[in-house]
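> I have a structure here, written as structure tokens, and I will follow up with some questions on it.
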Amino acid sequence: MSGRILVGTSSWADPGFVEEWYPPGMPARERLPWYAERFEAVELNSSFYAVPDPGTVERWVRSTPDRFTFDVKLHRLLSRHAADLKSLPPDLRDEVETNQRGRVLLTPELERAMAESIKDAVASLEHAGKLGAYLLQLTPAFSPDRHSLAELDGLIEVFAPRTVAVELRHRGWVSEKRAEDTFSYLSERGAAFVAVDAPREAHVPIMPPVDAVTTDSLAYIRMHGRNAEGYMHGKTVAERFGWEYTDEELEEIAGRVRAMAEQAHEVHAMFNNNRGMDAPSAASRFRELIGQDPGPPPTAGEQLRAL
């Protein structure tokens, strides 16, 4: 097997992209088509904060070429992050319970309703053949000493047969005593383990460079940069994930990705080192290093950075 490798970034509308990567003054409506000339896939990040409008999703379908792929990040409530009432669709806000801080309390019924709402919202991606995986980026608080992976059963089932890619952010899940059980759980349910490239320090929320292909349909890896201080203490996305990958580091990642492609029909390699143009620049160079066409020539900003 030699699976198709799709390379992209964890958003196409990050403020840093607008400031440094897109041509100056480019209208918002032109950014996604411009992005799609350079990459074959992207993670939809806005869906982490709110269920997208179906009309907007239809415009994204029309703005991208055939075979372009959107991986949809699941809403923060589903990934066990704190979520306030206003982040839910209006029709789901009635009778929802909140805690003293105004955070929504997740119940099995609300979980299913939210999942169905997201499926409905991105239906046009499914119909156009542009829907990739649903990305579940769990909070580090979802730890093996307090939670069970079986808590994800309902969520994985409601999205079936579409793959849910599960990114765990507590390294205990891949410890020597738990890794086999973690991978078996995902494999038995047809879910994809999300590997990461992250800082090489042993803090609990930083996952080690462990790779596993748990479903032969999809392997997934996200690049978070290697700034341990920023990852642990940064207040903004740019502070947490900003990182300029070197060719040596990208070649190391390429080896991991090629190995995944020997076990899965498709590999999604997504760059989340979102500071300025760090992510698209790294993703473009990565495409070159693995023998892919990075699309039109780089912008003036990228050319200056390469000097």
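> Find, to one decimal place in angstroms, the Kirkwood hydrodynamic radius of segment 182-239, where the mean of 1/r is taken over every pair of different Cα atoms and then inverted.
Result for segment 182-239 stands at 12.6 Å.
> What translational D, rounded to a whole number of µm²/s, comes out for the chain from Stokes-Einstein when the hydrodynamic radius is the Kirkwood one over Cα pairs, at 20 °C and 1.002 mPa s?
Stokes-Einstein gives a translational diffusion coefficient of 108 µm²/s.
> Over the chain, what percent of the accessible surface lies on carbon and sulfur atoms, probe 1.4 Å? Mind dumping the intermediate values first?
Numbers: 6790 of 14000 Å².
Carbon and sulfur together cover 49 percent of it.
> Next question, about the same structure. Scan segment 85-124 for GluC sites (Glu not before Pro) in coil per DSSP, keeping those whose Cβ has at most 12 other Cβ atoms within 10 Å, and list them by number.
Numbers: sites: E95, E97, E109, E111, E116; in loops: E95, E97.
Filter output for segment 85-124: E95, E97.
> While we're on this one: Over all pairs of distinct alpha carbons, what does the Kirkwood formula give as the hydrodynamic radius of segment 82-123, in Å?
Details: mean 1/r = 0.0932 Å⁻¹.
The answer is 10.7 Å.
> Once amide H atoms are placed 1.01 Å from N in the peptide plane, what residues at a sequence separation of 5 or more from A165, or on another chain, have their amide H within under 5 Å of its amide H?
Here Y134, L135, L136, A192 satisfy the definition.
> Please return the longest stretch of the chain lacking exposed loop sites, where trypsin sites (Lys or Arg not before Pro) count only if DSSP places them in a loop and at most 10 other Cβ atoms lie within 10 Å. Walk me through the intermediate numbers first.
Values: sites that count: R101, R146, K177, R200, K235.
Segment 1-100 is the longest.
> Let me ask something else about it. Give the residue list of GluC sites (Glu not before Pro) in segment 1-36 that are DSSP loop and have at most 10 other beta-carbon atoms within 10 angstrom. Could the numbers behind the result be given before it?
Numbers: sites: E19, E20, E30; in loops: none.
Sites meeting the loop and neighbour criteria: none at all.
> A follow-up question, please. Quick check for you: with a 1.4 Å probe and neighbouring chains kept, what is the accessible area per residue of segment 1-105, in Å²?
On the way: 5310 Å² over 105 residues.
It amounts to 51 Å² per residue over segment 1-105.
> Suppose only helical runs count, i.e. DSSP H with n ≥ 4. What mean residue ellipticity at 222 nm does that imply for the chain under -39500 (n - 2.57) per run, divided by all residues and rounded to the nearest 500 deg cm²/dmol? Don't jump to the answer; show the numbers that get you there.
Working: 11 runs with 100 residues, N = 307.
Calculated from helices alone, the mean residue ellipticity at 222 nm is -9000 deg cm²/dmol.
> What base-10 log of the normalised intensity I(q)/I(0) is obtained for segment 230-293 from the Debye formula, alpha carbons as equal point scatterers, at q = 0.26 Å⁻¹?
-1.09
> Would you mind getting the accessible area per residue of segment 172-307, heavy atoms of the protein chains only, 1.4 Å probe, in Å²? All intermediate terms of the calculation are to be shown ahead of the outcome.
Numbers: 6080 Å² over 136 residues.
Normalised by residue count, the accessible surface of segment 172-307 is 45 Å².
> Right, here's the next one. Using the eigenvalues of the Cα gyration tensor, what equivalent ellipsoid semi-axes result for segment 1-114 when each is taken as the square root of five times the eigenvalue, whole Å, largest first?
Equivalent ellipsoid semi-axes, largest first: 31, 17, 13 Å.
> How charged is the neighbourhood of P140? Take every other residue with its Cβ under 14 Å from the Cβ of P140, and add Lys/Arg as +1 and Asp/Glu as -1.
Net of charged neighbours comes to +4.
> Any chance you could run the full-extension gain for S217 through E19? It's 0.36 nm times the residue separation minus the Cα-Cα distance, nm to one decimal. The partial results should precede the final answer.
Numbers: separation 198, 0.36 × 198 = 71.28 nm, distance 3.62 nm.
Here the answer is 67.7 nm.
> Ok, one more. Name the GluC sites (Glu not before Pro) in segment 140-177 that are in a loop by DSSP and that have at most 12 other C-beta atoms within 10 Å, would you?
E176
> Sort out for me the Cα centre separation of segment 69-130 from segment 255-277, rounded to whole Å.
Distance between centres, Cα-based: 27 Å.
The values are calculated or read from the model by the stated rules, or taken from the named source; none is laboratory data. All of these numbers come straight from a predicted model, not from anything done at the bench. Quick reminder, even Gly has a Cβ in these numbers, built from the backbone with ideal geometry, and neighbours come from all protein chains shown. The protein model used for the area step is the full one, side chains on, heavy atoms only, and it has no ligands, DNA or RNA in it. Shrake-Rupley method; radii C 1.70, N 1.55, O 1.52, S 1.80 Å.
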